[in-house]
1. Among (1) 37, 24, 21; (2) 56, 28, 19; (3) 40, 26, 19, find the value of semi-axes √(5λ) of the Cα gyration tensor in Å that was calculated from the structure presented, and write down its label.
2. Given the DSSP H assignment, sum -39500 (n - 2.57) over each helix run of at least 4 residues in the chain and divide by its residue total; what's the result at 222 nm in deg cm²/dmol, nearest 500?
3. Work out the FRET efficiency for His158 and Asp231 from their Cβ-Cβ distance, taking R0 = 25 Å, and round it to the nearest 0.05.
4. Quick check: Cα centre of region 255-280 to Cα centre of region 327-398, how many Å?
5. Run the simple label-point estimate for Ala312 and Asp27 please: 7 Å along Cα→C-beta, distance reported in nm.
6. Rounded, prolate or oblate: which fits region 296-342 when a ≥ b ≥ c are the square roots of the eigenvalues of the alpha-carbon gyration tensor, with rounded for a/c under 1.5 and prolate only if a/b beats b/c?
7. Which percentage, to the nearest 5, of the DSSP beta bridges contained in the chain is antiparallel?
8. Would you mind checking the tilt of helix 309-327 against the longest principal axis of the Cα atoms of the chain, expressed as 0 to 90 degrees and rounded to 10?
Amino acid sequence: MKRVPFVALLLSTLLIGCRPGIRVPADATVIMNGTVIDGMGNPAIPDGVVLVQGDTILAVGSAEEFRIPDGVFVIDAGGGAILPGIINTHIHHGAPADLRRTFLVEGVTSVCDLGSELSEMDEFLQEEGEDGLAARGIRAGPIVTAPGGYPDGLYRTHINYEVTTPQEGREGVAELAGRGADLIKIAVDPSWNRENPLPTLSLETVRAIVDEAHARGLLVRAHLIQPPPMDLAIDAGVDVIEHLAMPRWPSREEENQVMASEDPVGLFFDRWAPDYQRRLERMAAQGTAMVPTVSALIGDYYTREDPTPREAWVVDVILDIVRRFHSAGGLLAVGNDFNNRNATERLPLLEIEMFLEAGLSPLEVIRAATGNAAAVCGRDADLGTLEPGKLADIIILAGDPLADLVDALGRVEVVMKGGVWRWDLEQPGLTGVAYEDFMGRWSPAPWPPTPARNR
């Protein structure tokens, strides 16, 4: 698709008549002349309109449902695509507002931090960095784990919150919630060292953590990278499994047998991971979501220009797990484990590309990065989709995401967060004088939002 001109600004109405019976305030903003994709998986709306007042979406629909006289403020999408803001559901140490600013300008309007120190918690409330507005921070704080367990038992990251009993688990949830945690992250995996596995939480302790968190309206998300702990997480009622459990790989001799077969992926699951499909189906049936972070796990294999047969086979197996879970009806969300070490993309384009490779449609991947992403962060009541009553977190793309999603997401033209939006002064034909004049005539919604909207 030919790149559209930068979003134009027009002045039109003081009053809009929108669906019969709905009267639109004079201070509304109309986003129009683009294809609307709502983040719920519904068919795209060609020539769609999103109506915003302050920090909230008022209405979404086709242009023919709206009559727009002169006078209201209009953002013209220039024939591009209008989507909910992207949510990166799995990052670490994202507290600094200046860092979250770099997420926002790429179209990531919210980030969900699943491992940071207690001292970082309040910093997530800062909504602006030195360069301006920052992505919204949703935070878990430290990871609840067994003494000496993951992650400090492996990485010495100083983000363990260690508990030994169900009562300590409940007390830990209470303290973290009191410190402002928006959800709870736990670790239930002993890591890969079979000779000296890390301590893990017991089933009874995880159940207590889940019960206490749910009583406080918080989700519980569990780190695991091996299949056996999947059963514990499912049995305890964990809401989201982080990463993708990597099955036991065959020995080199066994691997040669797999490679020689006509169906190396199918043979792998039949012989070396016979319980995996059952576990995926249990997760889907119970409503346990997955944030697989496949780009962090095997992204280097996937992007290699000339992978070995084994590397290509590993990629096929891992993407087949994503495919199987999706086919079972499981809820998938996009997160890339950003921490400036093993994943450096703010906008998780590689993760999105790998979801597409696993067989999800562009609409399904958009939903995984928006509506589903809000759900696994506990924010589906106010974020993630273009619906009346939701916060106005909106991006405009200069491309067709249904034809080439990765390309379109790489060409973000406008980012709006809570009704406040960014206009790029470097685009042709725009001057600082015009920008200042424009800003003098239109004041965005008050910032920051009230605490009740910033939880």
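Any read-out appearing in this document is the output of simple, stated calculations on the displayed coordinates, not a laboratory observation. Just so it is clear, the model here is predicted, and its values are computed rather than measured. Quick reminder, even Gly has a Cβ in these numbers, built from the backbone with ideal geometry, and neighbours come from all protein chains shown.
1. The listed entry that was calculated here is (3).
2. That calculation yields -9000 deg cm²/dmol at 222 nm.
3. It comes out at approximately 0.25.
4. Centre-to-centre (Cα) distance: 29 Å.
5. Calculated label separation equals 6.0 nm.
6. Oblate is the answer for region 296-342, as a/c is 1.5 or above yet b/c matches or exceeds a/b.
7. So the antiparallel bridges in the chain amount to around 50 percent.
8. 70
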